[in-house]
Amino acid sequence: MCPPVFAAIGTAAGASAASAAAVGASISLGVASAGLQIRGQQIQAKTQRKAQENASKVERQRYLNEVSSLRSQQAQEQVAMAQKLQSNKRRAREARATARVSAGEAGVAGLSVNALMNDLTRKEAMYNNSVNTQAQMLDVRREISLRDSGLGFTNNMLRINRPIEEVNYAGALVSGAQTGLSTYGALQGSGFGQPSGSTSGTSMKSVAKLSQKSSNMGMLDLPVYKSPFKAYS
């Protein structure tokens, strides 16, 4: 049977080794947890950034298509207005020529013919003014549509490209440390940090006490003799 001091030292050594194993396991788990959180945040940020790039590309193409459509409509309307003006000019010219011929055949001249020509010119100008006014109104409406389209594009881009949350290294490390501490507490509570047959009260102080008791063994409860030769006399 080994002396109590050696048993106590062995118990303390076992407890120290078991505690070290518990600490090591807790640290490893904490570091792994922090690493997984950091990696997860990095993957999430990369995925979000890629999604923003794709959505921005689609939005830019949508805006360009919308503007192109509006400008195409504007060009078509301008061509249509120019055709109307040209057609009206031709009709007015033909009307004046017909009026002169008719007036000449009827023997009408002077102020009456001039008044008729002026009336035809006035009607031509009124029609041209109406066409130009319509064209201006369409241009104003088109500019408003283009402005609204630009504002919509800007708002959509701001909505799509919201700031991406940066990797929170400090938070991941703190969370990992908390995980490690929780794991260590759980291991200690389950007895992982204690050797078999030991109690949680084992410490270096108890080892010192046992060592002192061992050093006094053999001197306790022994009779004191004045002379060894008179012990059995």
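Since every read-out is calculated from the coordinates, none of them should be taken as a lab result. Fair warning: this is a prediction, and the values are worked out from it, not measured in the lab. For neighbour counting, all protein chains shown are included, and Cβ atoms are generated from backbone atoms with ideal geometry for every residue, glycine included.
Would you tally the net charge around R142, using a Cβ to Cβ cut-off of less than 15 Å, leaving R142 out, and scoring K and R as +1, D and E as -1?
That works out to -2.
Counting Lys and Arg as +1 and Asp and Glu as -1, what is the net charge of the other residues whose Cβ lies under 12 Å from the Cβ of E59? Write out the running numbers ahead of the final one.
Working: positive: K57, R60, R62, R159; negative: E53, E66.
Combined, the nearby Lys, Arg, Asp and Glu give +2.
The length gained on full extension between M126 and E143, counted as 0.36 nm times the residue separation minus their Cα-Cα distance, comes to 3.6 nm. Given the C-alpha centroids of region 57-101 and region 104-121, what is the distance between them in whole angstrom? Cα centres, region 57-101 to region 104-121: 33 Å.
The local environment of R91, defined by Cβ-Cβ distances under 13 Å, has a net charge of +4 under the rule Lys, Arg +1 and Asp, Glu -1. Placing pseudo-labels 7 Å out from each Cα toward the beta carbon at A97 and A80 gives an inter-label distance of 2.9 nm.
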